[in-house]
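Shown next, in structure tokens, is the structure this report addresses.
The values are calculated or read from the model by the stated rules, or taken from the named source; none is laboratory data. Since this is a predicted model, take the numbers as computed values, not measurements. Cβ placement follows ideal geometry from the backbone for every residue including glycine, while neighbour counts extend to all protein chains displayed.
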Number of protein chains: 4
Amino acid sequence: MKSQIVTFLIKCPDQKGLVAKITSFFYEQGFNIVSCQQYVNSIEDTYFMRVRLNAEGTVISKEDLEKNFLKLATPLQFNWSVNYGDKKQNVAIMVSHTSHNLYDLLERAKEGRLDCNVKMIISNHNKLRHIAEMFNVPYYYLPVTKETKLEQEVQVKELLDSNNVDLVIMARYMQILSSEFINHYPERIINIHHSFLPAFQGANPYKKAYERGVKLIGATAHYATEDLDEGPIIEQDVKPVTHESTPTTLKRIGADIEKLVLARAVKNHLNNQIIVSGNRAIVFPEAGE
Amino acid sequence: MKSQIVTFLIKCPDQKGLVAKITSFFYEQGFNIVSCQQYVNSIEDTYFMRVRLNAEGTVISKEDLEKNFLKLATPLQFNWSVNYGDKKQNVAIMVSHTSHNLYDLLERAKEGRLDCNVKMIISNHNKLRHIAEMFNVPYYYLPVTKETKLEQEVQVKELLDSNNVDLVIMARYMQILSSEFINHYPERIINIHHSFLPAFQGANPYKKAYERGVKLIGATAHYATEDLDEGPIIEQDVKPVTHESTPTTLKRIGADIEKLVLARAVKNHLNNQIIVSGNRAIVFPEAGE
Amino acid sequence: MKSQIVTFLIKCPDQKGLVAKITSFFYEQGFNIVSCQQYVNSIEDTYFMRVRLNAEGTVISKEDLEKNFLKLATPLQFNWSVNYGDKKQNVAIMVSHTSHNLYDLLERAKEGRLDCNVKMIISNHNKLRHIAEMFNVPYYYLPVTKETKLEQEVQVKELLDSNNVDLVIMARYMQILSSEFINHYPERIINIHHSFLPAFQGANPYKKAYERGVKLIGATAHYATEDLDEGPIIEQDVKPVTHESTPTTLKRIGADIEKLVLARAVKNHLNNQIIVSGNRAIVFPEAGE
Amino acid sequence: MKSQIVTFLIKCPDQKGLVAKITSFFYEQGFNIVSCQQYVNSIEDTYFMRVRLNAEGTVISKEDLEKNFLKLATPLQFNWSVNYGDKKQNVAIMVSHTSHNLYDLLERAKEGRLDCNVKMIISNHNKLRHIAEMFNVPYYYLPVTKETKLEQEVQVKELLDSNNVDLVIMARYMQILSSEFINHYPERIINIHHSFLPAFQGANPYKKAYERGVKLIGATAHYATEDLDEGPIIEQDVKPVTHESTPTTLKRIGADIEKLVLARAVKNHLNNQIIVSGNRAIVFPEAGE
């Protein structure tokens, strides 16, 4: 393999000797272990590992590496994935009216601060097309009504699949997707919700936050699942607010939180830092990356 | 009056000229206005003011001041209160098992960082008596069962009222008080809840936080009302956590948040910084105090 | 005057009756006081006020208002300014190599989240021209060497003055401006420094932060003065970091702090929330704006 | 060994295979690896590891374990230490006038939130003796003048050494210790400085913070070294402040930051989470502890 970082993500029943066995395996295959992060969930007796390898100087092929790895993985009941770091992931961004997350993601991708190709923007409105044009990204306007919902989802799916989209980012896409759609992209749809979940699920969280008189507002990025706003949480953040804030000012303050939270969640995903377990997301911190 | 700070809290329908009228009134009565903070809720067309006066060199009596003030207040429909800063408030702390908030409040009161007299500690358990003894504060052990609940509340009320308690602090008192009890002390009971409300209302918030996989945990201090965990929020804060946290470590991390949030809320109350309006607490910041 | 918000900023020696006198004056001139914020610096016996007026329904002209105001201001030794909220401020952005602040400011201005006209971008490099073109803003490439420094500053000044620029934003402009230049725009140049000042003044703050092993990094927006990185601080913020961070990762983490800190500082300036006093910036919070 | 957690801290030149070799060693010795954290400083080509072992069911003696470990450690040039988790560390707290850190540490130790024995409090003033008495901890009043400084340090040293003190906590001890004293306890003295270092080194940081007009204040816990306020930083935190704050209010706001920062640093030290390298402290996060 070429000089590149290979990342393995592993989940398995906990048992003695796992870290020794796994790291010895990669050492014997000729890799230098750049970082090795583990987490044991002692409540569920489950073991999680993220290991990053420097492939420089190795001669083994991907096929052989995986074949050899299976000999280790099968008896130990690994649930695992590998990313060879040799191609950028393809990303689609779905939006409706609000522009701040879209600008932020496009800027980061363009300037190399997010390691991905933004293949397209899909929207149920035409309002943000000018931003797509500024950044030279295809913009697909696919309006949706109650009646055309399933039909529109089929169009979206065709666009995503024909473009080999690896990750869908719902950057304030204000439509509820069908279970069928969501289950087609497991752990591949990241949504930003404009509240610190589980507070204020559903519509109009800033209005609800004003009415409840909270002293901080927040945002949550999570994988979309069938249950609205209940998927595994990747990132959350908050800012203090005061009684002075109206729903309108909360919206403005919240926009800056949403941008950072979504961008960090997407980066963590693209960077192979996440293992989902049940409804919880294990998010390994960057390791000197 | 002696050299002291007098604080007026005013709430009224918004209209032109309020700040001019109010501040002119106090100026004409001979006071120096130390600080004057206002807030207009434009959604409900309501005006709020906190004004702090230096009484030094004034000759007017409290009675005359209030009589004169009424001439201004009545036509403008003021809902108002005044604190003359001439005596410390009496405080009772209610606890069950957990000690961190209790230590923190007692230390702050003893060292003059909270301006109050802690008259007593009331508990449904005997477990924290040693702390009361360290700080030389009376400790009343009033156990409670489903059957004796109302009876116990009567005992608590007698203790509070016979000691002229101004403020009750529920520092992790793990009993639900009756509506009757709570309504007896409107805006005079502060509770600390160990989550960022409205998330995780009710019991076991740290366990729920673990299960939901949130990336931050928090605490909320609020006035107790009939509706459990739904009273006006005074203070909130959060800390980031990771997937590594178990319910036990969340509890430990949360303890430090709870202490700061409750202490700040109590300080704001004792310092006359709060006006409650519906279910929202207007909390004026300190003004060079 | 039309329906608009007029903002007065006042600084004067402290004395009894100021808030009553000032608010009564505006009430008598027919204005509704939307918000009135004051601050007394008791160490220097100085009084500061920011008062926002709703001009709707008033018939007085600006000239008459100011003539009348002077009768109040002169005997009380006011140092004051007024903004009638009737025209957007003109802004110039100066940059060198780094793009994140530039994108952020341009996006906010374009989407109406910063209330200003970005008249131009000035740079000593050609590198960021593509961003100016995306946002349709004139880009002036004015290279500078040790020898041509003063000459270049003259060119910059001509550009700024001929375009009636009100505010210069140094969004990571990596040149030290001459005292002569800076003094030409007092309290009209905002600089972003990529550390929590006064720590790590001067060059390479992220490298210094790595070497010192700090556990948080920050950014500071301040008015530029003759003394490098020592002008009045408008906004600061920090993020926690760990030993894992290299100077390169600190730079990336810091970029997001810089963006928010600079944007908030510019907003506070454009929104007339700041009074400078000596080397300290009094920054009034937004008042329901 | 009994059922207990054994912690190894290792620092060595980076090279291929380290994690595999180390974890395999412990696996072969019969230990279960509870957590294994590594950090590679790629600038200095240095490798750091913290590994926690469950000793339950092992039969090997400490002596044999260390003898065997040396066969691995010597050729790989390990700089290492081990803590067997079988006895609490002895701690001395040094104070002068301020009480908040002292209360906080004593409460945490008493309630089991800090895993240590507080053997004594040493002070150059008699002022805080009542707190020592509340918590039943010996209080040594050792006044100091310019003339008696060295003599007093000898007394302090005798107290510390005769009581087998493992860690000295300078909880706002307002004396500069001699190099000789400090070098006697390398990486065993933790100091709290009341600013976000390197800003405001030396005396009166809150006064300096006021004068500089900073918008956030902080605290820093670090190992004491010969160079005042320049030792390896363990923990830092900050809180936002406004222009309203005087040096007095900054002191009060800062007290709460100091308490949390010092307590966290002490916990990290007692919990064997820290490896010092040059002037930087590698602080491993808790791993499900």
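Report yes if B:Asn54 is over 22 Å from C:Glu56 (Cα atoms), within 8 Å of chain C (Cβ to nearest Cβ) and without any contact (Cβ under 8 Å) to a residue 60 or more places away in the chain, otherwise no. Step through it out loud before you land on a result.
Working: over 22 Å from C:Glu56 (Cα atoms): yes; within 8 Å of chain C (Cβ to nearest Cβ): no; without any contact (Cβ under 8 Å) to a residue 60 or more places away in the chain: yes.
No; evaluated as a whole, the condition is false for this residue.
Would you confirm whether or not segment D:180-190 contains a residue that is over 15 Å from the mean Cα position of the chain (by Cα) and either under 26 Å from C:Pro198 (Cβ atoms) or of a type in the set (Ser, Thr, Tyr) (or both)? No; the residues of segment D:180-190 include none that is over 15 Å from the mean Cα position of the chain (by Cα) and either under 26 Å from C:Pro198 (Cβ atoms) or of a type in the set (Ser, Thr, Tyr) (or both).
Among strands (runs of 3 or more DSSP E) lying entirely in segment A:216-289, which contain 3 or more residues that are crowded, with 22+ Cβ neighbours inside 10 Å and of a type in the set (Val, Ile, Thr)? Spell out the reasoning first.
Numbers: elements: A:216-223, A:233-240, A:274-277, A:280-283.
Where strands (runs of 3 or more DSSP E) fall fully within segment A:216-289 and carry at least 3 residues being crowded, with 22+ Cβ neighbours inside 10 Å and of a type in the set (Val, Ile, Thr), they are A:233-240.
Based on what the data block shows, is C:Leu106 of a type in the set (A, V, I, L, M), at negative phi and either part of a helix (DSSP H, G or I) or over 18 Å from the mean Cα position of the chain (by Cα) (or both)?
So C:Leu106 fits the description; yes.
Of the residues that make up segment A:87-97, is at least one crowded, with 18+ Cβ neighbours inside 10 Å, touching a residue at least 40 places away in the same chain (Cβ under 8 Å), in contact with a Cys (Cβ under 7 Å, 6 or more places away or on another chain) and part of a strand (DSSP E or B)? The answer is yes, given that some residue of segment A:87-97 is crowded, with 18+ Cβ neighbours inside 10 Å, touching a residue at least 40 places away in the same chain (Cβ under 8 Å), in contact with a Cys (Cβ under 7 Å, 6 or more places away or on another chain) and part of a strand (DSSP E or B). Mind checking whether some residue in segment B:250-259 is out of contact with any Ser or Thr (no Cβ under 8 Å at 6 or more places or on another chain) and facing chain A (nearest Cβ under 10 Å)? Scanning segment B:250-259, I find no residue that is out of contact with any Ser or Thr (no Cβ under 8 Å at 6 or more places or on another chain) and facing chain A (nearest Cβ under 10 Å), so the answer is no. Scanning segment D:192-203 for residues that are touching a helix residue (DSSP H, G or I) at 6+ places or on another chain (Cβ under 9 Å) and either of a type in the set (A, V, I, L, M) or more than 14 Å from chain C (Cβ to nearest Cβ) (or both) yields D:Ile192, D:His194, D:Leu197, D:Ala199. Across segment B:170-181, the number of residues qualifying as closer than 16 Å to B:Val91 by Cα and not in a loop (DSSP other than H, G, I, E, B) comes to 1.
When C:Glu187 is tested against the conditions (1) outside any helix (DSSP H, G or I); (2) of a type in the set (Asp, Glu); (3) closer than 30 Å to C:Lys149 by Cα; (4) free of Cβ contacts under 8 Å to residues at least 60 places away in the same chain, the lone failure is (4).
Residues that are within 13 Å of another protein chain (Cβ to nearest Cβ), surrounded by fewer than 13 Cβ atoms within 10 Å (Cβ to Cβ) and not β-branched (Val, Ile, Thr) do occur in segment A:12-21, at least one of them. Looking only at segment A:19-32, decide whether some residue is out of contact with any Gly (no Cβ under 8 Å at 6 or more places or on another chain), in the same structural domain as A:Gly254 (by TED's automatic domain parsing) and in a helix (DSSP H, G or I). Checking segment A:19-32: not a single residue is out of contact with any Gly (no Cβ under 8 Å at 6 or more places or on another chain), in the same structural domain as A:Gly254 (by TED's automatic domain parsing) and in a helix (DSSP H, G or I).
Is it the case that A:Gly288 is at pLDDT below 95, out of contact with any Cys (no Cβ under 9 Å at 6 or more places or on another chain) and at the interface with another protein chain (Cβ under 7 Å from one of its Cβ atoms)? Yes.
Give just the number: which of (1) farther than 24 Å from D:Pro232 by Cβ; (2) in contact with a strand residue (DSSP E or B) (Cβ under 7 Å, 6 or more places away or on another chain); (3) in contact (Cβ under 8 Å) with a residue 40 or more places away in the chain does C:Gly254 not satisfy? It is condition (1) that C:Gly254 fails. Screening segment D:216-242 for residues that are among the acidic types (Asp, Glu) and within 9 Å of chain C (Cβ to nearest Cβ) and picking the one that is nearest to D:His269 (Cα to Cα) gives D:Glu235.
Evaluated against (1) over 28 Å from C:Gly254 (Cβ atoms); (2) among the small types (Gly, Ala, Ser); (3) touching a residue at least 12 places away in the same chain (Cβ under 8 Å), C:Ser178 falls short on exactly one condition, (1).
Would you mind stating whether B:Tyr206 is surrounded by 16 or more Cβ atoms within 10 Å (Cβ to Cβ), more than 15 Å from the chain's Cα centre (by Cα) and over 15 Å from A:Val214 (Cβ atoms)?
Working: surrounded by 16 or more Cβ atoms within 10 Å (Cβ to Cβ): yes; more than 15 Å from the chain's Cα centre (by Cα): yes; over 15 Å from A:Val214 (Cβ atoms): yes.
When the stated conditions are applied, B:Tyr206 passes them.
Of the residues making up segment D:44-66, those that are outside any strand (DSSP E or B) and in contact with a Ser or Thr (Cβ under 9 Å, 6 or more places away or on another chain) are D:Glu44, D:Ala55, D:Glu56, D:Gly57, D:Leu65.
Can you pull out every residue in segment A:183-203 that is crowded, with 22+ Cβ neighbours inside 10 Å and under 24 Å from A:Ile275 (Cβ atoms)?
Filtering segment A:183-203 down to residues crowded, with 22+ Cβ neighbours inside 10 Å leaves A:189-197, A:199-200.
Passing the criteria: A:Ile189, A:Ile190, A:Asn191, A:Ile192, A:His193, A:Phe196, A:Leu197.
For segment B:266-282, the set of residues classified as farther than 15 Å from B:Ser81 by Cα and either among the hydroxyl-bearing types (Ser, Thr, Tyr) or at the interface with chain A (Cβ under 10 Å from one of its Cβ atoms) (or both) consists of B:Gly278, B:Asn279, B:Arg280, B:Ala281, listed by residue number.
When D:Leu160, D:Leu128, D:Leu167, D:Leu177 are screened for being crowded, with 18+ Cβ neighbours inside 10 Å, in the same structural domain as D:Val261 (by TED's automatic domain parsing) and in contact with a Lys or Arg (Cβ under 8 Å, 6 or more places away or on another chain), only D:Leu167 passes. Using the structure shown, decide if C:Leu105 is under 30 Å from C:Tyr47 (Cα atoms) and either of a type in the set (A, V, I, L, M, F, W, C) or in the same structural domain as C:Lys259 (by TED's automatic domain parsing) (or both). No, not satisfied. The condition of being of a type outside the set (D, E, K, R) and within 15 Å of D:Ile33 (Cβ to Cβ) does not hold for A:Gly30. Pairs meeting the criteria (first residue in segment D:37-49 and within 7 Å of chain A (Cβ to nearest Cβ) and without any contact (Cβ under 8 Å) to a residue 24 or more places away in the chain, second residue buried (at least 19 other Cβ atoms within 10 Å of the Cβ) and not in a loop (DSSP other than H, G, I, E, B), beta carbons under 8 Å, at least 6 apart or on different chains) are D:Gln38/A:Ser35; D:Gln38/A:Cys36; D:Gln38/D:Leu18; D:Gln38/D:Val19; D:Gln38/D:Tyr47; D:Gln38/D:Phe48; D:Gln38/D:Met49; D:Gln38/D:Arg50.
Among the candidates D:Pro240, D:Pro232, D:Pro198, D:Pro285, which residue alone is without any contact (Cβ under 8 Å) to a residue 60 or more places away in the chain and within 17 Å of the chain's Cα centre (by Cα)? Full working, then the answer.
Details: D:Pro240 fails: within 17 Å of the chain's Cα centre (by Cα); D:Pro198 fails: within 17 Å of the chain's Cα centre (by Cα); D:Pro285 fails: without any contact (Cβ under 8 Å) to a residue 60 or more places away in the chain.
Only one candidate qualifies: D:Pro232.
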